[in-house]
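Below is one structure, written out as structure tokens, with a few remarks after it.
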Amino acid sequence: MRNPERFGRRAFLRATGVAGAVALAGSALPGRIAWAAALTKAQRDKMTPDDIIAEMKKGNERFRVGKESPHNYLAQQKVSAKGQYPAAVILSCIDSRAPAETIMDLGIGDVFNARVAGNIANDDILGSMEFACKLAGAKVVLVMGHTACGAIKGAIDNAQLGNLTGLLTKIRPAVEATQYSGERSSKNYAFVDAVARKNVELTMADIRKRSAVLAELESAKTVKIVGSMYNLETGVVEFFG
Ligand SMILES: [Zn+2]
């Protein structure tokens, strides 16, 4: 394994033959430690939302083939302690099998990550996203659902349990809005996954409707709101919308 500390940023750029905004967006490119050490607000701000989405896709590809970057979390921690310039804010489920940073090969300081069962947006999540984009400069809002989601199954089954009941109520509209001609039960994974996808779409619509701040940033093309589904079986993060 390479020794990232021995890579100065300029040496890294020479060694890899890449330069410019796309290279800077390469959150988890080999040698990212040197990148992380040198990333400034100005450099982050050069990236477009599409650059950032492309890098997240590349990171997922590296994860899928077992070629993750050699993260030096200690170095990332030390550098990012002085300030953070994350490129995106992700809204994903609490499911232990769907950790966004890991499955897209991201490091410390790369993204904000809000996690709640069923990846729904409530007022506090919207406030967090507004902070991430308007105040901290993130340019992508990524809503990520996943296959075989327990929260989606619970919503389909109308599960009742303490505070969970209220949370599942927020997922119910996706169950009702899902067009599906087969068996509409939590035992049918094809239906569960169709509801999960619809839930991501409705969450994206919810964000646009309920957050004037984010809707305005999206209209100005400063921020892109995108959806995705993570497949637990294949490891693929599929982007849409
Ligand atoms: Zn889930």
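The values are calculated or read from the model by the stated rules, or taken from the named source; none is laboratory data. All of these numbers come straight from a predicted model, not from anything done at the bench. Here the Cβ positions follow ideal geometry from the backbone for every residue, glycine too, while neighbour counts run over all protein chains shown. Heads up: the accessible areas ignore ligands, DNA and RNA and are worked out on the full protein's heavy atoms, side chains in. Shrake-Rupley method; radii C 1.70, N 1.55, O 1.52, S 1.80 Å.
Below are the figures for this structure:
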| quantity | calculated |
| --- | --- |
| Candidate set: segment 86-103, residues that are over 10 Å from the mean Cα position of the chain (by Cα) and within 14 Å of the ligand (Cβ to nearest atom); chosen: the one surrounded by the fewest Cβ atoms within 10 Å (Cβ to Cβ) | Ser96 |
| Cβ-Cβ under 7 Å pairs, at least 6 apart or on other chains, segment 116-140 side at positive phi, far side open to solvent by 30 Å² or more (accessible area, probe 1.4 Å) and among the acidic types (Asp, Glu) | Gly137/Asp45 |
| Residue that is part of a loop (DSSP other than H, G, I, E, B) and not hydrophobic (A, V, I, L, M, F, W, C), where the choices are Gly154, Gly127, Gly137 | Gly137 |
| Enumeration of residues in segment 80-138 that are at pLDDT 95 or above and among the polar types (S, T, N, Q) | Ser92, Ser96, Thr102, Asn113, Asn119, Asn122, Ser128 |
| From Lys187, Lys224, residue being farther than 19 Å from Ile94 by Cα, touching a Pro at 6+ places or on another chain (Cβ under 9 Å), open to solvent by 40 Å² or more (accessible area, probe 1.4 Å) and modelled with pLDDT of 95 or more | Lys224 |
| Out of Ala174, Ala148, sole residue that is assigned to a loop (DSSP other than H, G, I, E, B) and either within 13 Å of the ligand (Cβ to nearest atom) or of a type in the set (Ser, Thr, Tyr) (or both) | Ala148 |
| Identity of the residue in segment 104-128, touching a Phe, Trp or Tyr at 6+ places or on another chain (Cβ under 8 Å) and open to solvent by less than 20 Å² (accessible area, probe 1.4 Å), that ends up nearest to Thr234 (Cα to Cα) | Met104 |
| Test: Thr234 is in contact (Cβ under 8 Å) with a residue 24 or more places away in the chain and assigned to a loop (DSSP other than H, G, I, E, B) | yes |
| Number of the exception - Val175 against (1) more than 18 Å from Ala121 (Cβ to Cβ); (2) in contact with a helix residue (DSSP H, G or I) (Cβ under 7 Å, 6 or more places away or on another chain) | (1) |
| So Asn199, is it within 21 Å of Val116 (Cα to Cα), open to solvent by less than 30 Å² (accessible area, probe 1.4 Å) and of a type outside the set (Gly, Ala, Ser) | yes |
